[in-house]
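Structure first, commentary second.
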Amino acid sequence: MARERRDRDRDREDSEFVDKLVHINRVAKVVKGGRRFGFAALVVIGDQKGRVGYGHGKAREVPEAIRKATDAAKRTLIRVPLREGRTLHHDVFGRHGAGKVICRAAPPGTGIIAGGPMRAVFETLGVQDVVAKSVGSSNPYNMVRATFDALSREDSPRGVAARRGLKVSALQARRREDATVDQVEEQA
């Protein structure tokens, strides 16, 4: 009885997450009598509402490697603030090793303009409009980690206002004032 309830809860927990297999790597260990193959999997999971995580798993069989990677991804979930639930609040830069990524907020209808591993991260995160560019390493592990580095730097106006001890409306009013001053200076 308790086990059935636990399994049902686990299924419900799994159903809220969308997982994407980013990369599978086959590795060989040379032993007496031939080669022994193993598999390494990179998986990204997210709830498409602002939570996303990635994981890496290794095993002799592909399904087992994917399962391990998915479990690891669930342990590394981060929350990313999204503007209107569809795009980033501001442009961010992230890096890991030689992998560098630039992620920019985009207007409605743009879609996800990003390369392979970054696209998987944005789809599972729930972003609908973003423009991203990878510079440097095209290694999927470095690209995913650099993307997570960028997303961890993402901040919402609410978070900035809380840090500064202001109200969000005061922060945005100050931003509008700065924009009008810039426009007046351009006209002069």
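Quick check on my filter: what residues within segment 153-171 are in contact (Cβ under 8 Å) with a residue 40 or more places away in the chain and open to solvent by less than 30 Å² (accessible area, probe 1.4 Å)?
154, 156, 159
From the list 159, 111, 115, which residue is in contact with an Asp or Glu (Cβ under 9 Å, 6 or more places away or on another chain) and either polar (S, T, N, Q) or over 17 Å from residue 52 (Cα atoms) (or both)? Don't jump to the end; show me each part of the working.
On the way: 159 fails: in contact with an Asp or Glu (Cβ under 9 Å, 6 or more places away or on another chain); 115 fails: in contact with an Asp or Glu (Cβ under 9 Å, 6 or more places away or on another chain).
Just one listed residue meets the conditions, 111.
Among the residues of segment 116-152, what is the count of those that are assigned to a loop (DSSP other than H, G, I, E, B) and open to solvent by 30 Å² or more (accessible area, probe 1.4 Å)?
To start, the set of residues in segment 116-152 that are assigned to a loop (DSSP other than H, G, I, E, B) comprises 126-129, 137-139.
In the following step, the residues that additionally are open to solvent by 30 Å² or more (accessible area, probe 1.4 Å) were identified as 128, 138-139.
Number satisfying all stated conditions: 3.
Quick one: is residue 180 part of a helix (DSSP H, G or I), of a type in the set (S, T, N, Q) and at pLDDT below 90? Steps first, please.
Numbers: part of a helix (DSSP H, G or I): yes; of a type in the set (S, T, N, Q): yes; at pLDDT below 90: yes.
So residue 180 passes the test.
Among the residues of segment 121-131, are any under 30 Å from residue 39 (Cβ atoms) and hydroxyl-bearing (Ser, Thr, Tyr)?
Looking through segment 121-131, at least one residue is under 30 Å from residue 39 (Cβ atoms) and hydroxyl-bearing (Ser, Thr, Tyr).
The values are calculated or read from the model by the stated rules, or taken from the named source; none is laboratory data. Note that this is a predicted model, so its numbers are computed, not measured. FYI the Cβ positions are ideal-geometry reconstructions off the backbone, even for glycines, and counts take in every protein chain you see. Just so you know, the surface numbers come from the protein's heavy atoms only, side chains and all, with ligands and any DNA or RNA stripped out. Shrake-Rupley method; radii C 1.70, N 1.55, O 1.52, S 1.80 Å.
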